[in-house]
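Novice: Here it is, the structure, as structure tokens.
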Amino acid sequence: MANTVSAKKMTRKIAKRTAINRSRRSRMRTFVRKVEEAIAAGDQTNALGALRDAEPEIMRAAQHGIVHKNNASRKVSRLAARVKALGVAAAA
């Protein structure tokens with residue numbers, strides 16, 4: 001348990017920051033889930049639209065330190081590849 005005034009303030013700040021981070025992480029995951037659901041349904045137009053919405057959200061999470069920059073880029077790249085593959089599968 002925090003004893004000093006500064007330690008008590010830090011616990012308040014940490015709690016507030018944790019809530020903000022949890023919200024941002026949840027928001028990012030929701031956008032990613034929408035892309036994955038569209039991919040699973042095989043709907044490339046919806047998947048493409050969802051990816052366009054998800055990409056800035058993922059990169060914003062990286063800017064705020066929720067996920068690492070490389071992790072965010074890898075996530076966007078893999079989602080984009082899966083959406084692109086839908087078009088190839090539909091054309092074949």
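Novice: To test your reading of the geometry: what angle, between 0 and 90 degrees and rounded to tens, separates the Cα axis of helix 69-91 from the longest principal axis of the chain?
Specialist: 20 degrees
Novice: Which whole-number percent gives the relative contact order of the chain, counting Cα pairs below 8 Å spaced six or more residues apart?
Specialist: About 26 percent, as a whole number.
Novice: For the chain, with a Gaussian network of springs between Cα atoms less than 10 Å apart, report the residue from Ile58, Ile20, Ile66 with the top mean-square fluctuation.
Specialist: Taking springs between Cα atoms under 10 Å, the residue moving most is Ile20.
Novice: Let me ask something else about it. Which of Ala62, Ala80, Ala41 ends up with the largest GNM mean-square fluctuation for the chain, with Cα atoms connected below 10 Å?
Specialist: With Cα springs under 10 Å in the chain, the top fluctuation among Ala62, Ala80, Ala41 is at Ala41.
Novice: Considering only Arg33, Arg82, Arg12, give the residue with the highest GNM mean-square fluctuation for the chain, with springs between Cα atoms whenever their separation is below 10 Å.
Specialist: Arg12
Novice: So, one more: Just need log10 I(q)/I(0) for the chain at q = 0.10, 0.13, 0.14 Å⁻¹, Debye formula, equal scatterers on the alpha-carbon atoms, no solvent, rounded to two decimals.
Specialist: Relative scattering, expressed as log10 I(q)/I(0), comes to -0.37, -0.53, -0.58.
Only the coordinates and a few stated rules stand behind these numbers; no lab work does. It should be emphasised that the depicted structure is a prediction, and the values quoted were computed from it without experimental measurement.
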